[in-house]
């Protein structure tokens with residue numbers, strides 16, 4: 001039963017193989033098994049590849065079955081349509097388009113399996129890329145909020161500088177009126193004279209202005225501090241919101257790009273392995289000598305071709321003979337005096353009717 005199934009997979013005619021030797025049957029069983037297991041590998045590879053896209057095993061397996069059947073049908077078609085030639089060059093020329101198709105199929109099948117085999121190494125590459133993307137993202141978000149943060153910081157610094165300058169002015173006036181009272185500066189007279197009273201009045205006015213500036217500026221500074229906290233929260237929220245996008249950077253294309261960043265040699269060997277598996281049925285048919293099955297198949301095809309050629313020739317001959325016979329028949333009829341007189345009388349009647357009709361039309365016109 002298994003032998004019959006693999007022969008069906010090879011695309012060979014089961015009835016023709018029945019009368020062949022066991023060795024011939026074994027050859028096509030091997031070809032069919034290769035076709036079948038290639039389709040199985042295609043199913044596994046496509047299921048894994050689509051699982052990385054949909055994150056749903058049932059959807060991935062459903063598409064995987066369709067892809068596996070498609071590869072199975074293509075491989076079976078490729079193998080079954082190759083005919084053995086007398087010369088290897090002729091057979092290779094005939095099989096070259098099918099070999100190119102087999103190479104494409106092998107690459108498509110091998111790539112998802114390479115991704116699975118080197119999954120740990122790919123995860124390491126993706127982790128580094130995600131970290132770099134997270135840092136760049138934070139830098140870009142920070143630059144986006146930088147102007148508002150810098151503006152807020154500058155306003156706060158100006159408000160604090162205004163308070164500091166006023167405090168410096170008040171302290172200077174305080175030292176001035178104290179020195180005047182002690183007689184160390186100004187009028188150089190000890191005591192609280194008119195000059196002292198004038199200077200202390202200036203100090204008290206400046207101090208009052210300082211209190212007013214402090215009250216107004218501290219309120220503005222408090223608002224700026226709240227605004228700075230709000231901007232920082234917005235910045236952090238923006239970074240947090242965009243982080244899932246970076247974390248989801250784990251799809252099929254990302255993994256293929258990460259695979260290309262790994263050393264080429266291991267990946268190349270795996271692809272060559274699948275290439276050998278995919279092209280082995282074709283190469284086996286090209287390299288193997290003509291067997292019983294090939295001769296029987298060639299006999300059937302040439303017999304059918306000969307029959308079709310003979311039928312076409314007979315049809316063409318029948319058409320030519322029939323045409324000659326009809327020409328002769330009509331030639332004999334044309335010489336018949338009775339038929340000639342009948343045709344002449346009818347033509348005369350027709351011409352008479354046409355002349356009468358023309359005359360009536362001319363009368364109506366006049």
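The values are calculated or read from the model by the stated rules, or taken from the named source; none is laboratory data. Note that the coordinates shown come from a computational prediction; the quantities given were computed from them, not determined experimentally. Note: ideal-geometry Cβ built from the backbone for every residue, glycine included; neighbour counts use all protein chains shown.
Summary table below
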item: Residue selected from segment 52-61 under the condition free of Cβ contacts under 8 Å to residues at least 12 places away in the same chain and in a helix (DSSP H, G or I), by the criterion surrounded by the fewest Cβ atoms within 10 Å (Cβ to Cβ); result: 58
item: Selected residue [surrounded by 20 or more Cβ atoms within 10 Å (Cβ to Cβ), modelled with pLDDT of 80 or more and on the phi < 0 side of the Ramachandran plot] from 64, 30; result: 64
item: Residues being closer than 15 Å to residue 224 by Cα, in contact with a helix residue (DSSP H, G or I) (Cβ under 9 Å, 6 or more places away or on another chain) and modelled with pLDDT of 80 or more - total across segment 124-151; result: 0
item: Which numbered condition residue 121 fails, given (1) touching a helix residue (DSSP H, G or I) at 6+ places or on another chain (Cβ under 7 Å); (2) over 20 Å from residue 278 (Cα atoms); (3) touching a residue at least 40 places away in the same chain (Cβ under 8 Å); result: (1)
item: Criterion (at pLDDT 80 or above and either more than 23 Å from residue 155 (Cβ to Cβ) or in contact with a strand residue (DSSP E or B) (Cβ under 9 Å, 6 or more places away or on another chain) (or both)) met by exactly one of 261, 215; result: 261
item: Candidates 351, 304, 265, 342, filtered to the one that is exposed (fewer than 11 other Cβ atoms within 10 Å of the Cβ), farther than 30 Å from residue 95 by Cα and without any contact (Cβ under 8 Å) to a residue 24 or more places away in the chain; result: 351
item: Odd one out for residue 40 among (1) at pLDDT 80 or above; (2) farther than 22 Å from residue 102 by Cβ; result: (2)
item: Exclusive hit being modelled with pLDDT of 80 or more and surrounded by 15 or more Cβ atoms within 10 Å (Cβ to Cβ), set 180, 155; result: 155
item: Of all residues making up segment 23-48, the number that are under 27 Å from the mean Cα position of the chain (by Cα) and more than 11 Å from residue 278 (Cα to Cα); result: 7
